[in-house]
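J.: Sending over a structure as structure tokens; questions will come in a sec.
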Amino acid sequence: MQLNGTDLQEVIDTFEFIDDWEERYRYLIDLGRKLPALSASEMTEPFKVRGCQSQVWLVPEIKDGALHLRGDSDAFIVKGLVALMLLIYSGKTPAEISGIDAKAILDTLGLSSHLSPMRANGLFSMDKRIKQIASELSV
């Protein structure tokens, strides 16, 4: 998946290039700004992710056997994390999703050690929810 021309490898490369965590956070915020807005009807309870300190919504759609996700958050950095999760998972089949180790990707980016415990918990709640959606779709 790409987000306005940005793909996961570009994010990984950019994180390797940027040494300063303030700049990395700004990059994440910019990534979140590229997300298309969700409608008010999508920012509702059925799409809300539990376990996030900020409000997060993930809207799934299946196309050609692949899960396509759209998402949003009410917090800038978290919205960037939503964008990152969409780059990791969106456009993959449920079988591919079950084999993805998002934690390893986040470790590669250094995010696991630079997020507050609450944000890290929210990130892993998103991961769990995406895998749950994929599992439900593969049944």
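The values are calculated or read from the model by the stated rules, or taken from the named source; none is laboratory data. Owing to the predicted nature of the structure, the values given are computational and were not obtained by experimental measurement. Neighbour counts run over all protein chains shown; Cβ positions are idealised from the backbone, glycine included.
J.: Among the listed residues G122, G51, identify the single one that is buried (at least 20 other Cβ atoms within 10 Å of the Cβ) and farther than 15 Å from L8 by Cβ.
T.: Working: G51 fails: buried (at least 20 other Cβ atoms within 10 Å of the Cβ).
The conditions single out G122.
J.: Continuing with this model, one more query. Go through segment 5-36 and give me each residue that's modelled with pLDDT of 90 or more, part of a loop (DSSP other than H, G, I, E, B) and either closer than 23 Å to K92 by Cβ or within 14 Å of the chain's Cα centre (by Cα) (or both).
T.: Across segment 5-36, the qualifying residues are K34, L35, P36.
J.: Exactly one condition in (1) in contact (Cβ under 8 Å) with a residue 24 or more places away in the chain; (2) in contact with a helix residue (DSSP H, G or I) (Cβ under 7 Å, 6 or more places away or on another chain); (3) within 17 Å of D7 (Cα to Cα); (4) among the hydrophobic types (A, V, I, L, M, F, W, C) is not met by I77; state its number.
T.: Just one mismatch for I77, condition (3).
J.: Of all the residues that make up segment 87-139, how many are in a loop (DSSP other than H, G, I, E, B) and either touching a residue at least 24 places away in the same chain (Cβ under 8 Å) or within 20 Å of S54 (Cα to Cα) (or both)? Walk me through how you get there before you give the answer.
T.: Narrowing segment 87-139 to residues in a loop (DSSP other than H, G, I, E, B): 90-91, 93, 99-101, 110-116, 139.
This time we only want the ones that are either touching a residue at least 24 places away in the same chain (Cβ under 8 Å) or within 20 Å of S54 (Cα to Cα) (or both), so: 90-91, 93, 110-116.
Total meeting the criteria: 10.
J.: Take the residues of segment 70-83 that are surrounded by 22 or more Cβ atoms within 10 Å (Cβ to Cβ) and within 21 Å of S135 (Cβ to Cβ): which is nearest to the chain's Cα centre (by Cα)?
T.: Selected residue: V82.
J.: Here's something else I'd like to know. Hey, among the residues in segment 113-139 that are within 15 Å of E61 (Cα to Cα) and at pLDDT 90 or above, which one's nearest to the chain's Cα centre (by Cα)?
T.: Restricting to residues being within 15 Å of E61 (Cα to Cα) and at pLDDT 90 or above, the top hit is I130.
J.: In the set G110, G91, G65, which member is within 13 Å of the chain's Cα centre (by Cα) and either surrounded by 20 or more Cβ atoms within 10 Å (Cβ to Cβ) or on the phi > 0 side of the Ramachandran plot (or both)?
T.: Working: G110 fails: within 13 Å of the chain's Cα centre (by Cα); G65 fails: within 13 Å of the chain's Cα centre (by Cα).
Unique residue meeting the criteria: G91.
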